[in-house]
Amino acid sequence: MKIIHILTRGEFNIFGFRNKDIRKFLPQKSSGQISRILKRLKLHGIIKKATQSYKYYLTRMGKEVVITAMKLKEFVIIPALNY
């Protein structure tokens, strides 16, 4: 779930993000682990790779998925843990 919060950062929405950028926020993960996460996100259509670059961007569907996941966490999952 932490990767979703990282992908919603404003700077990534404007400039895109690379494996190296994600590793700053997930220091416990190796470069290979981040690459596999990015590959899965790309296969599901949540992110797309910029041409002739190492940068990725959220797709329109990816933005909707991320927003929905954050809302589900905030309104459904977290309140259920308080009881």
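Can you run down the residue pairs with Cβ atoms below 8 Å, 6 or more apart or on separate chains, where the first is in segment 67-83 and at pLDDT below 85 and the partner is not aromatic (Phe, Trp, Tyr)?
Close Cβ pairs satisfying both conditions: 73/1.
Could you check segment 17-53 and list, in sequence order, the residues that are open to solvent by 60 Å² or more (accessible area, probe 1.4 Å) and among the aromatic types (Phe, Trp, Tyr)?
Listed by number, the list holds a single entry, 25.
Looking at 67, 14, 3, which one is in a helix (DSSP H, G or I) and open to solvent by 100 Å² or more (accessible area, probe 1.4 Å)? So that I can check it myself, show each step before the final result.
Numbers: 67 fails: open to solvent by 100 Å² or more (accessible area, probe 1.4 Å); 3 fails: open to solvent by 100 Å² or more (accessible area, probe 1.4 Å).
Among 67, 14, 3, only 14 is in a helix (DSSP H, G or I) and open to solvent by 100 Å² or more (accessible area, probe 1.4 Å).
So is residue 59 surrounded by 13 or more Cβ atoms within 10 Å (Cβ to Cβ) and in contact (Cβ under 8 Å) with a residue 40 or more places away in the chain or not? Outline the logic, then answer.
Numbers: surrounded by 13 or more Cβ atoms within 10 Å (Cβ to Cβ): yes; in contact (Cβ under 8 Å) with a residue 40 or more places away in the chain: no.
Judged against the criteria, residue 59 is not a match.
Pairs, please: C-beta under 8 Å, at least 6 apart or cross-chain, first residue among the aromatic types (Phe, Trp, Tyr) and in segment 19-39, second assigned to a helix (DSSP H, G or I)?
25/2; 25/6
The values are calculated or read from the model by the stated rules, or taken from the named source; none is laboratory data. All values derive from a computational prediction rather than experimental measurement. Every residue, glycine among them, receives a Cβ derived from its backbone with ideal geometry; neighbour counts consider all protein chains shown. Surface areas here come from the heavy atoms of the whole protein model, side chains and all, with no ligands, DNA or RNA. Shrake-Rupley method; radii C 1.70, N 1.55, O 1.52, S 1.80 Å.
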